[in-house]
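Just so you know, all these numbers are worked out from the coordinates, no wet-lab data involved. Every value quoted in this text rests on a predicted model; they were computed, and no experiment measured them. Please note: Cβ atoms are built from the backbone with ideal geometry, for glycine as well, and neighbour counts cover all protein chains shown.
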Amino acid sequence: MSSLKPVRGTHDLFGEEIKKHLHIVDVARKISQRFGCEEISTPIFEFTPVFSRTLGEASDIVNKEMYTFPDKGNELLTLRPEGTAGIARAFISNGMSQNVPLKFFYNGPMFRYERPQKGRQRQFHQLGIEYIGTPQNLADVELISLAYILLESLKISDFILHINSIGDKDSRSQFRQALIEYLTPYQSELSQDSQKRLTSNPLRILDSKDPKDQKIIEDAPKLVDFLNSKSQSIKDNVLNGLSRLGIPFHINSQLVRGLDYYSHCVFEFKSSQLGAQDTLLAGGRYDGLIPLMGGPEAPAVGFAAGIERLALVIPEIKSHSRPIFVIAMGESAEAPCLKLSYELRKAGYLIEMPFSGNASKRMKKASKANAQLALLMGEDEIRNNQITVKDLDNGQQDLVALNEIFNWIKKLSF
Ligand code: HAM
């Protein structure tokens, strides 16, 4: 029955994968707290213009990837394709401008109607950081250092930070003109996507993956040559700041990012383990976004990381806590074992009590689960108000009085 399949590009999270997701969010949240970030959670859907007016009319997201629908009250809504625009909206609607600078951490599902492939889904998860009300170049450096610490803490070994400046509006519009002039004679040789972008969004042609496009782009004018002196000095400040922290980077003059709200420094952390969808984490400065939405001047910088992509490259999560197995030997032991498990769980211990199988099967389950102890109860133990405690690391077995079991376990380190 087709309706029992998950919708294309969506997936169920369970087992090792959800462990990885939770671990990634947990590590990111803790690191964000070290930088003074507060957590924010915005709605999963917003009025469509929150995205359509901010991400760029010509961007892929607005053009073809948004899940947009009228609700029953005929309001046009969109499932969020990213987190930044919603947070900017929340900043304005909650009148937060009195409290700047603000640093936010967020995570949650995002939705884009893209062609699914490795590392690319239609429902995926992002975690992100947004610094709002921070015009200083120090903020860009600090934010990138947060991303760097995050990827290192997640034990990702082979990432590379690509960085570029796309300057301010002025620098960009002069560059855009020069790029169109350079590319127009090659129009018919460009890929179909790039031909369409030539008038609508020529900067995006620079990050085309099509080999023919790439050949043509090799000799195209470079954005760096069009940066005015202010943009140039912002770029130098950020790069010098990164060098002072010892954070390695690669200046990638073709990095332009797919969203309209950026200016000045943009960056992407890429991994060589991922294939075509190789960007783990991406962001940049977006000074114009909040004013564009009708809010006050609030220069900002942020990034988001794809949790599914991080999960593809982090090592397996090892569980630190080892369970105690409570094993009932025979039906009459089930009720007292359940009571003991209940008391131990209330006291904070991780307890597994298998419901089925004979004693030896239950012991096998305990060793498979890497249990530290097994507490065994049969008719003899019930009669004598005792319990057999087996240390599964060294095999030692003791008979302990039932009313002593808590003290006995307390002495062990878990
Ligand atoms: P983005 O580059 O569109 O930027 O997405 C950020 C990250 O989300 C990507 O680098 C990737 O890891 C992940 N991602 C994007 N699309 C998918 C997908 N379809 N499937 C799986 N993962 C995906 C933004 O979203 C900006 N809001 C980042 C930002 C925050 N800029 C400033 N602040």
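Which far-off residues, 5 or more places away or on another chain, put their amide H under 5 Å from the one on Met110, with H placed in the peptide plane? Sorted by chain and number, the residues that satisfy this are Phe124, His125, Gln126.
The chain: longest stretch without exposed trypsin sites (Lys or Arg not before Pro) (DSSP loop, at most 11 other Cβ within 10 Å), sites themselves excluded? Spell out each step's value before the answer.
Working: sites that count: Arg8, Lys72, Lys155, Lys209, Lys318, Lys411.
The reported range is 210-317.
Past 19 Å, Cα to Cα: identify those pairs from Lys169/Lys270; Lys20/Lys318; Lys364/Lys410; Lys30/Lys346; Lys155/Lys318; Lys19/Lys270, in the order given.
Numbers: Lys169/Lys270 26 Å; Lys20/Lys318 10 Å; Lys364/Lys410 25 Å; Lys30/Lys346 27 Å; Lys155/Lys318 13 Å; Lys19/Lys270 23 Å.
Cα-Cα > 19 Å for Lys169/Lys270; Lys364/Lys410; Lys30/Lys346; Lys19/Lys270; rest within.
Magnitude of the charge dipole for segment 136-227, about its Cα centre and with charges confined to Cβ atoms of Lys, Arg (+1) and Asp, Glu (-1), is about 280 debye.
Summed over all non-identical Cα pairs, the Kirkwood treatment of segment 3-71 gives a radius of 15.8 Å. Report, to the nearest 10°, how far helix 169-183 tilts away from the longest principal axis of the Cα atoms in the chain, using its own Cα long axis and a range of 0 to 90°. Taking the Cα atoms of the chain, the angle to 169-183 is about 70 degrees. How about Lys339: which aspartates and glutamates have a C-alpha closer than 17 Å to its C-alpha, ignoring those fewer than 8 places off in the same chain? Within the straight-line cut-off, Lys339 pairs with Glu331, Glu352, Glu379, Glu381, Glu404.
Think of it as helices only: each DSSP H run of n ≥ 4 in the chain is worth -39500 (n - 2.57), and spread over all residues that comes to -10500 deg cm²/dmol at 222 nm.
On full extension, the segment bounded by Ser321 and Glu75 gains 83.7 nm, given 0.36 nm per residue less the C-alpha separation. Based on the reciprocal of the average 1/r between different C-alpha atoms, the Kirkwood radius for segment 319-408 equals 12.9 Å.
Calculated on C-alpha atoms, the gyration radius of segment 190-342 divided by its Kirkwood radius gives an Rg/Rh of 1.26.
With +1 on each Lys and Arg Cβ and -1 on each Asp and Glu Cβ, and nothing else charged, work out how big the dipole of the chain is about its Cα centre, in Debye to the nearest 20.
520 debye
Coupling constants for segment 54-59 follow from the phi torsions by the Karplus curve (6.51 cos²θ - 1.76 cosθ + 1.60, θ = phi - 60°), and in residue order they are 10, 7, x, 4, 9, 6 Hz; glycine and proline get x.
Nearest 5 is fine: what % of DSSP beta bridges in segment 48-141 come out antiparallel, could you say? Display every interim value, and only then the final one.
Numbers: 14 of 14 bridges.
Around 100 percent antiparallel, to the nearest 5.
Computed over segment 1-119, the percent of Cα pairs more than 26 Å apart is 34.
So if I take the alpha carbon set of the chain, get Rg, then get Rh from the Kirkwood formula, what is the Rg over Rh ratio?
Details: Rg = 27.9 Å, Rh = 24.9 Å.
Rounded to two decimals, Rg over Rh is 1.12.
Tell me which aspartates and glutamates have Cα within less than 19 Å of Lys64's Cα, excluding those fewer than 8 residues away on the same chain? Answer for Lys64, where 19 Å is the Cα cut-off: Glu46, Glu82, Glu114, Asp193, Asp207, Asp260, listed by chain and number. For segment 84-125, the normalised intensity computed at q = 0.14, 0.17, 0.33, 0.34 Å⁻¹ comes to -0.49, -0.62, -1.16, -1.19 (log10 of I(q)/I(0), Debye sum over alpha carbons, equal scatterers, no solvent). Dividing the radius of gyration of the alpha carbons in segment 266-373 by their Kirkwood radius gives 1.35 for Rg/Rh. Seen against the Cα atoms of the chain and their longest principal axis, helix 137-153 is set at about 40 degrees. Can you tell me the 0 to 90 degree angle between the C-alpha axis of helix 229-245 and the longest principal axis of the chain, rounded to 10? So the helix axis and the longest Cα principal axis differ by about 30 degrees.
For the chain, averaging the sequence separation of C-alpha pairs within contact (under 8 Å, six or more residues apart) and dividing by the residue count gives a relative contact order of 16 percent.
What dipole magnitude, in Debye to the nearest 20, does segment 312-414 give about its Cα centre under +1 on Lys/Arg Cβ and -1 on Asp/Glu Cβ? Working shown, then result.
Numbers: 14 positive and 12 negative charges, 72 e Å.
About 340 debye.
Note on the chain: antiparallel DSSP beta bridges, both residues inside, total approximately 80 percent of the bridges counted. Segment Leu13..Ser367, full-extension length gain: 124.8 nm, with 0.36 nm per residue of separation and the alpha-carbon distance subtracted.
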